[in-house]
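The values are calculated or read from the model by the stated rules, or taken from the named source; none is laboratory data. These numbers were taken from a predicted model, which means no experiment stands behind them. Backbone-built Cβ (ideal geometry, glycine too); neighbour counts: all protein chains shown. Areas reflect the complete protein model, heavy atoms only, side chains present, ligands, DNA and RNA absent. Shrake-Rupley method; radii C 1.70, N 1.55, O 1.52, S 1.80 Å.
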Amino acid sequence: MAITFNNGTFQLSNKHMCYAMRLLDGNLLHLHWGAPVNAEEIGVTVKGTAFCPTTAYENGSYFLGNLMQEYPFFGVDLRRPACSVELMNGCRAVEPKYKSHRIYDGKPMPQGLPAVYTEEDSEAQTLEIVLADSYAGIEIKLFYTIFNDLPVICRRAEIKNTNAGYAYIHAAASAALDFFDSDYKYMHLHGAWAREKHVEINDVHHGIQGFESLCGHSSHIENPFMALMRPDATEDSGDVYGFSLVYSGNHRFSIISDQNKRLRVMCGINPENFKWKIDEGESFATPEAVMVYSGDGLSGMSHAYHKLYRTRLCRGKYRDAVRPALINNWEGTYFDFDEEKLLKIAESGKNIGLELFVLDDGWFGERNSDDRSLGDWYVNKKKIPSGIDGLARKINALGMKFGLWFEPEMISENSDLFRAHPQWRICVPGREPHPSRQQFILNYAREDVQDYMIETLNSILKSADISYVKWDMNRSMSDIYNIMAAPDRQGETAHRYILGLYRVLESVTQTNPEVLFESCSGGGGRNDPGMMYYMPQNWASDDTDALERIYIQYGGSMVYPASTVGSHVSAVPNHQVGRTTPLAMRGTVAMAGMFGYELDLSKQSAEDIAEMKEQVELYKRIRPLVTFGDYYRLSSPYKERYAAWMFVSEDKESAVMSIAYMLAQPSHLCDRIRLKGLDPDAVYELDGKQIHGSTLMNYGFVFECNKDYSGMMYEIKKVK
Ligand code: GLA
């Protein structure tokens, strides 16, 4: 790995890739990102086209709007900019030029924002480039980190006001770069509540395309991730470029094909309703974008993200530990429970080998329905006479850990908290705010609200033996206004909320290092790398139907490791779609993540309980593989009637393959799946037979199944 600067060319290279930029008369241009090259040998065409404003250059003139740029500003380049700043005189044109740069080992962390980290400086190198416009009094620091052995570049920017007086930032992308041509497709993960992360691949066309969230959270609608793919790229071959934003708020991903068929790609905070004031000497820091290059198709990209996010984004004790198999009472009871009922469920969980009982919504205040009590984080003794501490002790006495649900960013109108602090809710003064799920959002942009929540949560977590927390967030943001801020700072509110949230999360997770935190936002409304920095697990969707989950988990696997995916077996008919799938299929699908059950275990048939016991035993055996192994997609549910995937241990000694057969078909003989990731020369035992890795990978595994909703799992062991 090395970062070099020679003859005006910056190169960040390792054995997988090269990322290169060139200085031209002080302008920072993009040269190349992809397979290794010697970027000093690449020329820059300065030719112009009509209607393109030109700039003097020592050998003639050149045209910024025709060049591949690295972090373009609004002004001379006429395409959509990465950054747009309004100066005190109202001028929006900024022309930053190279000022200085620095190359060093390690990776600095942005203050107050989540980001990928290093444990040793030797793991990565960082390049900082400073650009400046002395007329505007604006300085931009661009950060690039390259890792030793991963095809990853982490990027972010800081924008500083060096003039006396103020300036407003209207847009500041985390990363931007121009590709030489537009012959690409792009993949994004779109959806809705309970239908998150569906894969869509579009052709790139002329003009502006892309996707965004304006929900105040990263959203179910568009995950903050995109893969740019060459048209011939497949699961295992071809050039793919991943862009993933370490951010949990409003985001925008733009893909812009210009008049010369150059392609501009940008991602960052959504500029819509964003306006950030920087006073003299102040800086604004963007969130981080994590960019992955793969010459080996989608699988190469996913492997890089999985490894990086599992080991250098997630933190804490549970980063390197298997997670307890759990029983969550939500779909089993909803709000209708008492202590006795909960203990019965926990006991049945213990009997099938589960390790953690999670008490979901409904344990606090007068919370017997979803129209009240959010904010009143004290136990409802009518339901739980022993209190949280007492209940936790009873669960512990069964030999299980105890976990608890919170929704700490919300407030119900019908709550003691609202009666005491009506001004803590986000709303526009003098206007009726819009409830969603009959609830409102606490203004996390306020420091007093942050402090209150830190204090409240830390003291509850101290008061009982709570080993797990599910941190939920069940509505999008509307009526955005911060009564504490001046009129010209209202455009800061949505981002200040996220910064406030990160402050609370940092305090609560660091004060309680023994607790396993799982984030949730009505399922996958905040399934993003920002949250993963604080919480290593995410409830991937409120949809627990096995068939629907296949698509949700397939999409999520593009970027997020299985160790971050909460996945449960629930009752049938399924509560979201009414579908009945066999327990085997539900188990197979749920075991592709951090496994658990979400139903009333005390009401299951003896036959199902016996099968569940076997499932839990199997899960405990394969759990290290699912948590730490390499994940391979073996088929696409969009193309085949089955979904298949496997996990392989790093040393290739063991693996597990899962097949979920979705729909049967008449006149069907059999199917073949080619395995991946095994040692070709080794002999493996699979389904009672001994077969070479080469045969399993190059010829494949043939199976006969023609039954709707079948779930099959095969443990694979190296025998020689
Ligand atoms: C959200 C979560 C669910 C459950 C409910 C409780 O919808 O995604 O898993 O916790 O809230 O209200």
Original post:
Could you give the distance between the Cα centres of region 39-71 and region 635-689, to the whole Å?
Top reply: 51 Å
**OP:** At 7 Å along the Cα-to-beta-carbon direction for both residue 134 and residue 434, put a label point, then send me their distance in nm to one decimal.
**Re:** 4.9 nm
Original post:
For residue 702 and residue 506 in one chain, what is 0.36 nm times their gap in residues minus the Cα-Cα distance, to one decimal in nm?
Top reply: 65.7 nm
**OP:** Calculate the spin-label point distance for residue 714 paired with residue 694, positioning each point 7 Å from the Cα along the beta-carbon direction, and give it in nanometres.
**Re:** 1.9 nm
**OP:** Would you mind putting 198-206, 158-166, 17-25 in packing order, based on average other-beta-carbon counts within 10 Å, highest first?
**Re:** 17-25, 158-166, 198-206
Original post:
Taking amide H positions as placed 1.01 Å from N in the peptide plane, with prolines and chain starts having none, which residues 5 or more places from residue 97, or on another chain, fall under 5 Å of its amide H?
Top reply: 132, 133
**OP:** Take the alpha carbon gyration tensor of region 466-604, find the square roots of its eigenvalues, order them as a ≥ b ≥ c, and report rounded if a/c is under 1.5; if not, report prolate when a/b exceeds b/c, else oblate.
**Re:** prolate
**OP:** Tabulate in residue order the Karplus-calculated ³J(HN,Hα) for region 24-34, using 6.51 cos²θ - 1.76 cosθ + 1.60 with θ = phi - 60°, rounded to whole Hz; enter x for Gly and Pro.
**Re:** 10, 6, x, 8, 8, 10, 8, 10, 7, 9, x
**OP:** Obtain the nm distance between the two label points defined at residue 463 and residue 344 by a simple spin-label model: each point lies 7 Å from its Cα along the Cα-to-C-beta direction.
**Re:** 2.8 nm
**OP:** Would you mind pulling out the separation of the Cα centroids of region 106-145 and region 573-628, in Å?
**Re:** 45 Å
Original post:
So for the chain: antiparallel DSSP bridges make up what percent, rounded to the nearest 5?
Top reply: 85 percent
Original post:
Based on the Cβ-Cβ distance of residue 683 and residue 319, what FRET efficiency does E = 1/(1 + (r/R0)^6) give at R0 = 25 Å, to the nearest 0.05?
Top reply: 0.15
Original post:
So what J values fall out for region 635-651 if you push phi through Karplus, 6.51 cos²θ - 1.76 cosθ + 1.60 with θ = phi - 60°, rounded to Hz, Gly and Pro as x?
Top reply: 7, 10, x, 7, 10, 10, 7, 9, 10, 9, 8, 8, 10, 10, 5, 4, 7
Subject >> Hypothetical label at residue 668: residues of region 689-720 whose amide nitrogen lies under 19 Å (7 Å Cα-Cβ projection) >> reply: 701-714
Original post:
Nearest 20 debye, what's the magnitude of the dipole of region 356-453 about its Cα centre given +1 on Lys and Arg Cβ and -1 on Asp and Glu Cβ?
Top reply: 400 debye
**OP:** Please list the non-local residues whose amide H lies under 5 Å from the amide H of residue 268, H modeled 1.01 Å from N, same-chain partners needing a gap of 5 or more.
**Re:** 174, 252
Original post:
What are the principal axis extents of the Cα atoms in region 623-666, in Å, biggest first?
Top reply: 40, 15, 14
Subject >> From phi via Karplus (6.51, -1.76, 1.60), per-residue ³J(HN,Hα) for region 18-23 in Hz, x at Gly/Pro >> reply: 9, 10, 9, 9, 10, 8
Original post:
When only C-alpha pairs under 8 Å and at least 6 residues apart count, what is the relative contact order of region 368-466, in percent?
Top reply: 36 percent
Original post:
Distances over 34 Å make up what percent of all Cα-Cα pairs in the chain?
Top reply: 48 percent
Original post:
To the nearest 10 degrees, how steeply does helix 546-556 sit against the main Cα axis of the chain, on a 0 to 90 scale?
Top reply: 30 degrees
Original post:
For the chain, what is the mean residue ellipticity at 222 nm derived from helices alone (per DSSP H run of n ≥ 4: -39500 (n - 2.57); sum divided by total residues; nearest 500 deg cm²/dmol)?
Top reply: -5500 deg cm²/dmol
**OP:** Working with all protein chains in place, sort 141, 15, 307 by solvent-accessible area computed with a 1.4 Å probe, largest first.
**Re:** 15, 307, 141
**OP:** Pull out the extension gain between residue 638 and residue 122, defined as 0.36 nm times the separation in residues minus the alpha carbon to alpha carbon distance; nm, one decimal.
**Re:** 181.6 nm
Original post:
So, in Å, what gap is there between the alpha-carbon centers of region 416-481 and region 511-564?
Top reply: 22 Å
**OP:** Amide H neighbours of residue 31 under 5 Å, at least 5 residues apart or on other chains, H built in the peptide plane: list them.
**Re:** 20, 21, 22
Subject >> Contour minus Cα-Cα distance for residue 164 and residue 35 (0.36 nm per residue) >> reply: 42.0 nm
**OP:** For an R0 of 45 angstrom, estimate the FRET efficiency from the Cβ-Cβ distance between residue 92 and residue 447 and round to the nearest 0.05.
**Re:** 0.90
**OP:** Please list the equivalent ellipsoid semi-axes of region 578-720, computed as the square roots of five times the alpha-carbon gyration tensor eigenvalues, in descending order and whole angstrom.
**Re:** 26, 20, 13
